[in-house]
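Presented below is the structure to which this report refers.
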Amino acid sequence: MFRTAKVIIYSIILMSMPFHFLHGQLEAGIKLGASTIKFANGDFGEIYLGDIGAEEYELSVDQINFGYHLGFYSRLKVWKIYLQPEVLLNSNSVNYSVKDIQNPDVTTIYKEQYTRLDVPVVLGLKLKWFNMHGGLSGHLPIANVSELKNIDGYSISSESFTYSYLGGIGFDIGKLRLDFRYELSTTFFGDHITYKGNNYQFADKNNRIIAGIAYKF
């Protein structure tokens, strides 16, 4: 899937190049921002680690922290249409509440932080200082540091390239580029969780609300 996504991204960029040489406008810059999945999903509920009829731990989301991203963007504009690929290093973290079912008075908070490379590619319509855009975003896992590993039997399943759909609006103010996006994930939150060889995931998907600000070089 990762190879297919790269082919799609590069094909779109290459197909746009002739328009640039004719009468396009190309810009690039640095971008940073924040994101959250807290307000983009419902109650995640709980998952129970263990065999059927013999659950050992109750795992729930205690706190979802804001995520942050930093990277670069480029924009190729032809008339009022533009293509904007980005490369962003993204970091997110979440606190889990883990209850020992055999000892219900024992509850522990574990933090998990993960880093990935996000590659959004959006196609937009620019109307003076305002724009609307939509596209795809690829996600390549880089690192996952989890205190849940303190639970005997817990492990992180092998993570691979994933993608999501996104759409939003933006504002161009001088050299600044502001955007607000909603990202619709194709994967479920917590789907990397493995306990004693069994895979788990929460009921809701990993959707996000994203705000970004970029500076044009």
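Right, Asp204: closer than 18 Å to Ser35 by Cβ, surrounded by fewer than 19 Cβ atoms within 10 Å (Cβ to Cβ) and modelled with pLDDT under 95 or not? Considered against the rule, which asks whether it is closer than 18 Å to Ser35 by Cβ, surrounded by fewer than 19 Cβ atoms within 10 Å (Cβ to Cβ) and modelled with pLDDT under 95, Asp204 comes out as yes.
Scanning segment 109-135 for residues that are loosely packed, with under 15 Cβ neighbours inside 10 Å and either small (Gly, Ala, Ser) or more than 30 Å from Ile169 (Cα to Cα) (or both) turns up Ile109, Gly134.
Please list, ordered by residue number, the strands (runs of 3 or more DSSP E) wholly in segment 161-200 having 2 or more residues that are within 30 Å of Lys216 (Cβ to Cβ), basic (Lys, Arg) and in contact with a Lys or Arg (Cβ under 9 Å, 6 or more places away or on another chain).
Filter on segment 161-200 gives 176-185.
Determine which member of the set Lys149, Lys128 is more than 20 Å from the chain's Cα centre (by Cα), at positive phi and modelled with pLDDT under 95. Lay out the reasoning, then the answer.
Details: Lys149 fails: at positive phi.
Within the list Lys149, Lys128, the selection yields Lys128.
Checked against the criterion of being without any contact (Cβ under 8 Å) to a residue 24 or more places away in the chain and closer than 29 Å to Asp43 by Cα, the candidates Val119, Val106 yield just one match: Val106.
For Leu88, state whether it is over 19 Å from Lys38 (Cα atoms), at pLDDT 95 or above and in contact with an Asp or Glu (Cβ under 7 Å, 6 or more places away or on another chain). Yes; evaluated as a whole, the condition is true for this residue.
The values are calculated or read from the model by the stated rules, or taken from the named source; none is laboratory data. In this text the structure is predicted, and so the values were computed from the model without any measurement. As a convention, Cβ positions derive from the backbone with ideal geometry for all residues, glycine included, and neighbour counts pool all protein chains shown.
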